[in-house]
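**Q** To start, I am sharing the structure in question, which I have written as structure tokens.
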Amino acid sequence: MPLVSVRGVSKIFANGIQALDGVSLDIEAGEFLSVLGPSGCGKSTLLRLIAGLVPASAGTIEWPAGKPDIGFVFQEPTLMPWATALANVALPLKLAGVGRGEREARAAEALGHVGLAGFERTWPRELSGGMKMRVSIARALVTAPRLLLMDEPFAALDEITRHRLNADLLALWEQSRFTVVFVTHSVFESVFLSQRIAVMAARPGRIVSDLAITAPYPRIEAFRTSPDYAAHCRLTSARLGEAMAA
């Protein structure tokens, strides 16, 4: 039984632009799925439809076992500049009516899980781009969601920071096995992270390939230079090329 089933979903915006056309996708509980495609192919729109942030124009999004708690990490950290890292992470708990003591304890624990123990009282302006994104991830995970939606969260970061956060995200996922849907336009990132990659073509957005990445976990940095990684990257690149030509 999938956690969520996307069935024939299309999205046409008010200006007449069709972002998605007949997208169908099953997402299994506990899996790490990347959605890969060129800019403008509707990846972010698909993520927002799953989250319930925008309605579909056609088709359905089904939750066979009931809709779970969802965490969402956007392309930008979107932190409140007037609040500390701890207060930013605690915000979803505050909105849910959790008492101050409990929410601060849980927020501090979440910051520790993303490698920011000791930075609880730090202001966003004092943090690097990678650290801000860690705070954003901690905020998404503080409610212990079963589904984590991530919209190109590392796209604006330098390669060294991006690789480090890729590894840290996998460590968190392996520890807790929440479900991840990760939007990216990087072949290399999608292969390193994922169990499965859904490749999208644009205008209008649709899924044209579904690839299994069979390399075992944990995936350490050495995996990036392995023949297995190179082979998966070649195949994924070829499928992405076909999608862009479709």
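The values are calculated or read from the model by the stated rules, or taken from the named source; none is laboratory data. All values derive from a computational prediction rather than experimental measurement. When we count neighbours, we look across all protein chains shown, and the Cβ atoms used for this are built from the backbone with ideal geometry, even at glycine. With ligands, DNA and RNA removed, areas are computed over all heavy atoms of the protein, side chains included. Shrake-Rupley method; radii C 1.70, N 1.55, O 1.52, S 1.80 Å.
**Q** Of all residues in the range 221-233, which are under 20 Å from Glu159 (Cα atoms), part of a helix (DSSP H, G or I) and either hydroxyl-bearing (Ser, Thr, Tyr) or without any contact (Cβ under 8 Å) to a residue 12 or more places away in the chain (or both)?
**A** Ala222, Thr225, Tyr229, Ala230
**Q** With the range 1-114 as the region, which strands (runs of 3 or more DSSP E) entirely inside it contain at least 1 residues that are under 16 Å from the mean Cα position of the chain (by Cα) and more than 30 Å from Gly241 (Cα to Cα)?
**A** Once the strands (runs of 3 or more DSSP E) in the range 1-114 are filtered for at least 1 residues that are under 16 Å from the mean Cα position of the chain (by Cα) and more than 30 Å from Gly241 (Cα to Cα), what remains is 70-73.
The rows are residues; the columns are (1) in contact (Cβ under 8 Å) with a residue 12 or more places away in the chain; (2) touching a Leu at 6+ places or on another chain (Cβ under 7 Å); (3) not small (Gly, Ala, Ser).
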| site | (1), (2), (3) |
| --- | --- |
| Met133 | yes, yes, yes |
| Ala144 | yes, no, no |
| Asp151 | yes, yes, yes |
| Ile160 | no, no, yes |
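**Q** So, one more: Sort out which residues of the range 86-115 are under 14 Å from Leu141 (Cα atoms), open to solvent by less than 40 Å² (accessible area, probe 1.4 Å) and aliphatic (A, V, I, L, M), and write them in order of number.
**A** Leu86, Val89, Ala90, Leu93, Ala107, Ala108, Ala110, Leu111, Val114
**Q** Determine if the range 33-56 includes at least one residue that is in contact with a strand residue (DSSP E or B) (Cβ under 6 Å, 6 or more places away or on another chain) and either acidic (Asp, Glu) or open to solvent by 50 Å² or more (accessible area, probe 1.4 Å) (or both).
**A** no
**Q** Kindly indicate whether any position in the range 192-204 is modelled with pLDDT of 95 or more and β-branched (Val, Ile, Thr).
**A** Yes, there is a match, as at least one residue in the range 192-204 is modelled with pLDDT of 95 or more and β-branched (Val, Ile, Thr).
**Q** Quick one: Val208 ticks every box in (1) assigned to a helix (DSSP H, G or I); (2) among the aliphatic types (A, V, I, L, M); (3) open to solvent by 20 Å² or more (accessible area, probe 1.4 Å); (4) within 30 Å of Gly16 (Cα to Cα) bar one, so which box is it?
**A** Evaluating Val208 over (1) assigned to a helix (DSSP H, G or I); (2) among the aliphatic types (A, V, I, L, M); (3) open to solvent by 20 Å² or more (accessible area, probe 1.4 Å); (4) within 30 Å of Gly16 (Cα to Cα) leaves (1) as the failure.
**Q** Read through the list (1) touching a helix residue (DSSP H, G or I) at 6+ places or on another chain (Cβ under 7 Å); (2) outside any helix (DSSP H, G or I), then give the number of the only condition that Gly118 fails.
**A** The number of the failed condition is (1).
**Q** Could you tell me whether the range 177-189 includes any residue that is modelled with pLDDT under 95 and exposed (fewer than 14 other Cβ atoms within 10 Å of the Cβ)?
**A** Scanning the range 177-189, I find at least one residue that is modelled with pLDDT under 95 and exposed (fewer than 14 other Cβ atoms within 10 Å of the Cβ), so the answer is yes.
**Q** State the number of residues belonging to the range 12-27 that are touching a residue at least 60 places away in the same chain (Cβ under 8 Å) and surrounded by 14 or more Cβ atoms within 10 Å (Cβ to Cβ).
**A** The number of residues fulfilling the criteria is 8.
**Q** Taking the condition out of contact with any Asp or Glu (no Cβ under 9 Å at 6 or more places or on another chain), at pLDDT below 95 and not in a helix (DSSP H, G or I), does Leu149 pass?
**A** no
**Q** Let me ask something else about it. Test Glu174 against the criterion of being in a helix (DSSP H, G or I), open to solvent by 10 Å² or more (accessible area, probe 1.4 Å) and within 28 Å of Ile50 (Cα to Cα), and give yes or no.
**A** Yes, satisfied.
**Q** Given the conditions (1) surrounded by fewer than 21 Cβ atoms within 10 Å (Cβ to Cβ); (2) of a type outside the set (A, V, I, L, M, F, W, C); (3) within 29 Å of Leu3 (Cα to Cα), report the number of the one that Pro124 does not fulfil.
**A** (3)
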